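K.L.:
Would you mind keeping the following structure in view while I ask a few things?
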Amino acid sequence: MGQQDSVFMRTMIIVILGLVVLFVVIVIAARVVASGPSVSIDPTVVSKIEQQIEPVGKVELAGAAPAPAAGGKVDGQAVYQGTCFACHGTGAAGAPKIGDKAAWKARIAEGATTLYEHALKGFKGMPPKGGNTALADDAVKAAVDYLMAQGK
């Protein structure tokens, strides 16, 4: 082996040993930092943080039709609140808002049968049964009746 080769080998060994020592130092330092003292947090602070990051609203997925009210009739208001409010409470997608007498006047004049059909089969931007196909026809009709009563 020539002198250049031995110098190269010594340099490589020193570099490799240096990297191994550096790796060991980093591993030891990481363990020391990770096992440091634990921090206790005041429960009132935790409570305040939880209140601040609490969701603004909740999503409820419509399931089965609402239970019938006393007398066997479906509660139209409950159906409205569970399914129809998203559009008819806000006017989304051009839906007539509940209680807007001007918007409901012409629709009510078409008659309940027409409004039932629109609600059951869909009309313009409104999907059939307001998007809740699990609703029974009677539940949808009860919601239509409720909406019409609020628009008179």
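K.L.:
If a helix is a whole DSSP H run, which ones in the chain reach 20 Å or further along their own axis (Cα) and hold a mean Kyte-Doolittle hydropathy of at least 1.0?
P.N.:
3-34
K.L.:
With the cut-off at 18 Å, tell me which of the pairs Lys73/Lys105; Lys101/Lys152; Lys97/Lys152 have Cα atoms farther apart than that.
P.N.:
Lys73/Lys105, as the Cα separations exceed 18 Å there.
K.L.:
Quick one: putting +1 on the C-beta of Lys and Arg, -1 on the C-beta of Asp and Glu, what dipole do you get for the chain around its Cα centre, in Debye to the nearest 20?
P.N.:
I would put it at about 360 debye.
K.L.:
Among 82-90, 116-124, what's the highest-first ranking by average C-beta atoms within 10 angstrom per residue?
P.N.:
The packing order, highest mean first, is 82-90, 116-124.
K.L.:
Continuing with this model, one more query. Starting from the Cα gyration tensor of segment 75-152, take the square roots of the eigenvalues, sort them a ≥ b ≥ c, and report rounded, prolate or oblate (rounded when a/c is under 1.5, otherwise prolate if a/b is larger than b/c, else oblate).
P.N.:
Rounded, because the longest to shortest axis ratio a/c is under 1.5.
K.L.:
Now for a separate question. Go ahead and estimate [θ] at 222 nm for the chain from helices alone: -39,500 (n - 2.57) per DSSP H run with n ≥ 4, summed, over the residue count, rounded to 500.
P.N.:
-17500 deg cm²/dmol
K.L.:
Continuing with the same structure: Which of the peptides 8-21, 40-53, 100-113 is most tightly packed, and how do the rest follow, judged by the mean count of other Cβ atoms within 10 Å per residue?
P.N.:
Listed from highest to lowest mean packing, they are 100-113, 8-21, 40-53.
K.L.:
Find the Cα radius of gyration of the chain, compare it with 2.2 N^0.38 Å by division, and give the number to two decimals.
P.N.:
In units of the globular-protein estimate, the chain measures up at 2.33.
K.L.:
Given Cys87, Pro55, Val74, which one lies farthest toward the positive end of the charge dipole of the chain, if we put +1 on the Cβ of every Lys and Arg and -1 on the Cβ of every Asp and Glu?
P.N.:
Highest projection toward the positive end goes to Cys87.
None of the figures in this text is laboratory data; all of them are computed from the coordinates on show. As the structure is a prediction and not an experimental result, all values here were calculated from the model. Note that we place each Cβ from the backbone using ideal geometry, even for glycine, and neighbour counts take in every protein chain shown.
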